[in-house]
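Enquirer: Questions regarding the structure given below will be posed in turn.
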Amino acid sequence: MVRYKGRDQIEYGHYPYTETNYGSEATSATLYRIGYLTEIRPTYDPELNRQFILRDTDNGKPLGIYSRKTNIRLTLRWLQGELADYYQKTLLGGYNSYGEAKLYHSATEKIYHKWAGLKLDTLSVRCSIGEPITWTAELIAQTTDTMATTTNTYGSSPGAVWEWDDAYLQLSTNGSDWTTIPDVTDWELRIENSLKQNHTFNASGEKTLQSLEEMEQRCDARFTMYLPSDTYLAYLHDQTKLYLKLVLPCSQYIQFSEGKLSLYDPVLRPEDLVSCRVEYMGGYLEHSFT
């Protein structure tokens, strides 16, 4: 018996599709890499339900165990390296994608796991002093399966990893004039697409998704900074609109526009400087991943 483990060769690639090709699979394609993967977590939930009825001769037993709907999710966590085509373009651009993971133990022992109709539900990016920038995507898929072989190949490997000193946060009151936020020690940005899973009756009797629709998009951020003067925080609090930008390497950025600071949470400890956890509620998303 073969026991697969994290030390085996594991690769992941994706191939984007427009909405008119929702749920398509890739064959004989060069799949795009997303970065340096640190975690792949697939989830399959058939929503099993024990169905009880009014008792007859089989007292206390369910009539059967039935599946309500099929829910397929995939969580990916990775360190971003320089690429020609960034996964964020697919995630934030409204595309759906085909995903494929290769688990290679030996020439005779290997598994390919595939997902079709993947769409972004939530995306977060975080970093602390001394750590690389970490991305986490939670996706919903239409179908999933495993296979012994594939006709797809994997594209070029990513370049240098984006580290903590490669990125910084900026604020603006008008979306044009930016100032770097001082003394930030950690930060996290989160984007939620609030996907609506559409299950419908169909002639084939399948329980798979018919479509995934993006609903209200939410964008929020939080960061910790050493406490500056009260004048600075009071000034930010008094602004009717604030723009927050995460400046990333390779001329990339993520921007939350027309939002407000929503929480100030100072932390006082005798062995440290006074720090302040700040939360920001964004109005809408803008980014450079196009």
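The values are calculated or read from the model by the stated rules, or taken from the named source; none is laboratory data. What you are looking at is a predicted structure, and each value in this text was computed from that prediction instead of being measured. Virtual Cβ from ideal backbone geometry, glycine too; neighbours counted across all protein chains shown. Note: accessible area is taken over every heavy atom of the protein model, side chains too, but ligands, DNA and RNA are not part of it. Shrake-Rupley method; radii C 1.70, N 1.55, O 1.52, S 1.80 Å.
Enquirer: Give the distance, in whole Å, between the Cα centre of the range 155-207 and the Cα centre of the range 224-264.
Expert: 16 Å
Enquirer: Next question, about the same structure. Restricted to Cα positions, what overall size does the range 187-256 have along the principal axes? Three whole-Å values, descending.
Expert: Ordered largest first, the range 187-256 gives principal extents of 65, 31, 19 Å.
Enquirer: In whole Å, what are the Cα extents of the range 155-201 along the three principal axes, biggest one first?
Expert: Result, largest extent first: 55, 37, 22 Å.
Enquirer: Okay, next question. Using amide H atoms built 1.01 Å from N in the peptide plane, name the residues 5+ places from HIS287, or on other chains, whose amide H lies under 5 Å from its own.
Expert: GLN255
Enquirer: Then there is this: Which one, (i) 89, 39, 38; (ii) 63, 43, 42; (iii) 74, 54, 43, gives Cα extents along the principal axes in Å as derived from the coordinates shown?
Expert: (iii)
Enquirer: FRET efficiency for ASP186 and LYS5, Cβ-Cβ distance as r, R0 = 30 Å, nearest 0.05?
Expert: Working from the Cβ atoms, E equals 0.40.
Enquirer: Considering only ASN193, ASN96, ASN152, give the residue with the highest GNM mean-square fluctuation for the chain, with springs between Cα atoms whenever their separation is below 10 Å.
Expert: Per the Cα network of the chain with a 10 Å cutoff, ASN152 tops the list.
Enquirer: Quick one: with all protein chains in place, what share of the accessible area of the range 1-136 is carbon or sulfur, to the nearest percent (1.4 Å probe)?
Expert: Working: 3530 of 7360 Å².
The C+S portion of the solvent-accessible surface of the range 1-136 is 48 percent.
Enquirer: Per-residue HN-Hα couplings for the range 175-192, Karplus 6.51 cos²θ - 1.76 cosθ + 1.60 at θ = phi - 60°, whole Hz, x for Gly and Pro?
Expert: With the stated coefficients, the range 175-192 comes to x, 10, 9, 10, 10, 6, 6, x, 6, 7, 10, 7, 7, 8, 10, 9, 10, 10 Hz.
Enquirer: Could you check the simple spin-label distance between TYR235 and ASP165, using points 7 Å along Cα→Cβ, in nm with one decimal?
Expert: About 2.8 nm separates the two model spin labels.
Enquirer: Tell me the relative contact order for the chain as a rounded percent, counting alpha carbon contacts under 8 Å between residues six or more apart. The partial results should precede the final answer.
Expert: On the way: 685 pairs, mean separation 47.5, N = 290.
This gives 16 percent for the chain.
Enquirer: Please identify, among ARG190, ARG222, ARG41, the residue showing maximal mean-square fluctuation in a Gaussian network model of the chain using a 10 angstrom Cα cutoff.
Expert: Maximum fluctuation in the GNM of the chain, among the listed residues, is at ARG41.
Enquirer: Note down the magnitude of the dipole of the chain about its Cα centre, charges +1 on Lys and Arg C-beta and -1 on Asp and Glu C-beta and zero elsewhere, to the nearest 20 debye.
Expert: The calculated dipole for the chain is roughly 1080 debye.
Enquirer: Would you please give the residues with an amide H less than 5 Å from that of ASN71, counting only those at least 5 places away or on a separate chain, with H modeled from the backbone geometry?
Expert: Counting only residues 5 or more places away or on other chains, the set is ASP45, GLU47.
Enquirer: Can you work out the Karplus-derived ³J(HN,Hα) for every residue in the range 69-78? Use 6.51 cos²θ - 1.76 cosθ + 1.60 with θ = phi - 60°, whole Hz, and x for glycine or proline.
Expert: Rounded to whole hertz, the list is 9, 9, 10, 10, 10, 9, 10, 10, 10, 8.
Enquirer: Still on this structure: I want to verify a result. In a Gaussian network model of the chain, Cα cutoff 10 Å, which of these has the top mean-square fluctuation: THR136, THR122, THR185?
Expert: Evaluated over the chain, the most mobile residue of the options is THR185.
Enquirer: To continue, here is another question. With no solvent and one equal point scatterer placed on each C-alpha of the range 123-282, evaluate the Debye formula and give log10 I(q)/I(0) for q = 0.10, 0.12, 0.18 Å⁻¹, two decimals.
Expert: Per q value, in the given order, log10 I(q)/I(0) is -0.53, -0.70, -1.16.
Enquirer: Treating only the Cα positions of the range 24-148 as identical point scatterers, give the base-10 log of I(q)/I(0) from the Debye formula at each q in 0.14, 0.19 Å⁻¹.
Expert: One equal scatterer on each Cα of the range 24-148 leads to -0.73, -1.12.
Enquirer: Any of LYS69/LYS114; LYS5/LYS196; LYS110/LYS196; LYS196/LYS260; LYS119/LYS207; LYS5/LYS69 with alpha carbons more than 25 Å apart? Name them for me. Kindly include the intermediate steps, with their values, before the conclusion.
Expert: Details: LYS69/LYS114 20 Å; LYS5/LYS196 34 Å; LYS110/LYS196 34 Å; LYS196/LYS260 27 Å; LYS119/LYS207 18 Å; LYS5/LYS69 31 Å.
Going by Cα-Cα distance, LYS5/LYS196; LYS110/LYS196; LYS196/LYS260; LYS5/LYS69 fall outside the 25 Å limit.
Enquirer: Would you compute, from DSSP H runs of 4+ residues alone, the mean residue ellipticity of the chain at 222 nm, taking -39500 (n - 2.57) per run and dividing by the full residue count, rounded to the nearest 500?
Expert: Result for the chain, helices only: -1000 deg cm²/dmol.
Enquirer: Counting pairs of alpha carbon atoms under 8 Å apart in space and at least six apart in sequence, what relative contact order in percent does the range 1-89 give?
Expert: That works out to 31 percent.
Enquirer: Determine, from the Cβ-Cβ distance of SER288 and THR75 and an R0 of 35 Å, the FRET efficiency 1/(1 + (r/R0)^6), rounded to the nearest 0.05.
Expert: The formula returns an efficiency of 0.90 here.
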